[in-house]
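Below is one structure, written out as structure tokens, with a few remarks after it.
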Amino acid sequence: MDQVALVRCEQYDLDKVRAAVRRSVDLLGGMQRYVSRGARVLIKPNLLQASAPEEAIVTHPTVVQAVVELVQEVGGEVTIGDSPGGSFTPSKLRRIYERSGLQEVAQATGATLNFDTEAVTRAHPTGHLIKRLTVGRYAIEPDVIISLPKLKTHGFMRFTGAVKNLFGVIPGTAKMGYHATLVTADRFANMLVDVVTFAQPTLVIMDAIVGMDGDGPAAGRPFPIGVILSSADSIALDLAATELVGIDPLSVPVLKVATQRGLTSGHLTDIELVGDPLDAARVTGFRPPKSSPDLGAMPAWVRNLGTRLLVTSPRVTPACIGCGVCAQNCPVQAIRIENGRAQIHLSTCIRCYCCHELCPEHAIELHQPWLGRVFIR
């Protein structure tokens with residue numbers, strides 16, 4: 001049985017986070033079980049965009065620092081890195097490290113921040129859907145990957161956690177290619193599972209002290225959960241995390257696909273939970289994102305009609321300042337900046353919601369045209 005450690009921690013006080021992270025890893029056998037002396041270790045947080053820790057968009061710096069210190073205790077050589085949404089450049093990484101507090105973590109611990117933006121192509125013969133991947137060189141050179149996801153909702157994948165966090169090994173605009181070609185939830189989820197089986201993180205430690213519900217992964221509501229979750233298995237950890245916040249695991253495309261592929265039963269009873277009891281840590285009031293029907297398997301004419309009428313679509317609000325971030329990152333070039341404002345051409349849009357996810361002004365809302373209802377604002 002896969003082990004998942006759950007440890008209560010209700011605030012980002014560094015000493016309390018240190019204690020919770022240490023206990024969670026010790027419950028799994030200690031950091032020395034995963035990192036040997038001299039090992040090159042990539043610590044991969046969720047760094048979606050340049051945002052402050054209190055916005056609950058990125059992995060909190062206190063969690064990153066606590067993990068860095070544990071790795072250094074056993075003699076690991078630490079690099080912190082991720083490929084955020086959109087472009088993958090040293091200048092953008094520098095802004096994200098500074099805004100997220102990771103520049104200070106590096107200064108406090110002596111850890112290295114990654115600025116290598118080179119991409120390489122590698123075979124993945126055991127991939128179910130993707131047999132060859134373009135990945136960041138920074139993510140294949142280390143001996144060990146420790147993934148530090150943030151517990152959040154996601155407009156397309158419903159939930160983003162341990163498995164989705166590994167999408168960050170795909171560099172910059174290469175992500176856009178996957179969004180453009182894998183337009184159904186099932187195909188995109190299969191790709192994500194292929195990525196995690198390729199990257200094979202040695203250990204996953206989830207920041208669920210304050211997560212995000214509703215309008216995730218960037219414009220939602222910071223939601224206090226009060227736990228650190230750890231596991232050597234990304235899928236098992238996501239299964240426990242969804243149960244913790246009251247989301248049906250099999251409603252999450254990644255977990256549904258993993259179940260179909262025999263990587264999990266989808267049942268919590270097949271996981272060994274250690275540490276604090278999950279039932280005592282469960283939260284109420286956590287709002288999942290509103291879902292759209294998956295029309296990928298329907299005939300083309302039904303799919304096109306259903307997309308126009310039923311599928312949640314992006315819409316630009318008056319908060320738009322015409323900065324162009326959405327247009328730059330649209331994988332199918334469905335957005336133009338016209339008269340100082342973004343214009344989305346829904347006939348081209350594939351409903352990947354990258355524009356909604358990456359808009360720095362939170363100026364794109366998601367709505368259902370048939371009902372005229374705004375689901376996510």
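What the table below lists for this structure:
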{"quantity": "In degrees, nearest ten, helix 234-245 long axis to first principal axis of the chain (Cα)", "calculated": "70"}
{"quantity": "Proximal lysines to residue 92, defined as alpha-carbon separation beneath 17 angstrom and excluding residues fewer than eight positions away on the same chain", "calculated": "44, 175"}
{"quantity": "Cα-based Kirkwood hydrodynamic radius, segment 1-79, one decimal, Å", "calculated": "13.5"}
{"quantity": "Dipole in debye (nearest 20) - segment 79-228, about Cα centre, beta carbon charges: Lys, Arg +1; Asp, Glu -1", "calculated": "360"}
{"quantity": "Under 14 Å from the Cα of residue 150 - aspartates and glutamates, other chains or at least 8 residues apart", "calculated": "54, 55, 82, 207, 213, 238"}
{"quantity": "Estimated [θ] at 222 nm from DSSP helical runs (n ≥ 4, -39500 (n - 2.57)) normalised by residues in the chain, nearest 500", "calculated": "-9000 deg cm²/dmol"}
{"quantity": "Percent antiparallel among DSSP beta bridges (both partners in the chain, rounded to 5)", "calculated": "60"}
{"quantity": "For the chain, accessible area per residue (1.4 Å probe, heavy atoms of protein chains only), Å²", "calculated": "40"}
{"quantity": "Equivalent ellipsoid semi-axes, segment 15-124, via Cα gyration tensor eigenvalues times 5, rooted, Å", "calculated": "24, 18, 12"}
{"quantity": "Length-normalised contact order for the chain - Cα pairs under 8 Å, 6+ apart - percent", "calculated": "18"}
{"quantity": "Protection proxy ranking, peptides 185-198, 263-276, average beta carbon neighbours within 10 Å, highest first", "calculated": "185-198, 263-276"}
{"quantity": "Carbon plus sulfur fraction of accessible area for the chain, probe 1.4 Å, in percent", "calculated": "49"}
{"quantity": "Scattering profile of segment 113-210 at q = 0.11, 0.23 Å⁻¹ [log10 I(q)/I(0), Debye over alpha-carbon scatterers]", "calculated": "-0.32, -1.40"}
{"quantity": "Charge-dipole axis of segment 1-145 as Lys and Arg at +1 and Asp and Glu at -1 on Cβ define it, positive-most pick from 111, 128, 17", "calculated": "128"}
{"quantity": "Value of Rg to Rh for segment 194-269 (Rh from inverse mean 1/r over Cα pairs, i.e. Kirkwood)", "calculated": "0.97"}
{"quantity": "Mean Cα-pair separation over length for segment 72-136, i.e. relative contact order, pairs under 8 Å, 6 or more apart, %", "calculated": "30"}
{"quantity": "Signed unit charges on C-beta, dipole axis of the chain, positive-most listed residue 1, 264, 144", "calculated": "264"}
{"quantity": "Most to least packed among 139-150, 201-212 [average Cβ atoms within 10 Å]", "calculated": "201-212, 139-150"}
{"quantity": "Only Lys, Arg (+1) and Asp, Glu (-1) charged, at Cβ; segment 190-284 dipole about Cα centre in debye", "calculated": "180"}
{"quantity": "Mean Cα-pair separation over length for segment 27-135, i.e. relative contact order, pairs under 8 Å, 6 or more apart, %", "calculated": "26"}
{"quantity": "Cα-centre dipole for the chain with unit charges at Cβ (Lys and Arg positive, Asp and Glu negative), debye to 20", "calculated": "1180"}
{"quantity": "The chain: equivalent-ellipsoid semi-axes (sqrt of 5 x gyration tensor eigenvalues, Cα, Å)", "calculated": "32, 23, 20"}
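The values are calculated or read from the model by the stated rules, or taken from the named source; none is laboratory data. Since the model is a prediction, treat every value here as computed from it, not as a measurement. In this analysis, Cβ positions are derived from the backbone assuming ideal geometry, glycine residues included, and neighbour counts consider all displayed protein chains. Just the protein is used for accessible areas: all its heavy atoms, side chains included, with ligands, DNA and RNA removed. Shrake-Rupley method; radii C 1.70, N 1.55, O 1.52, S 1.80 Å.
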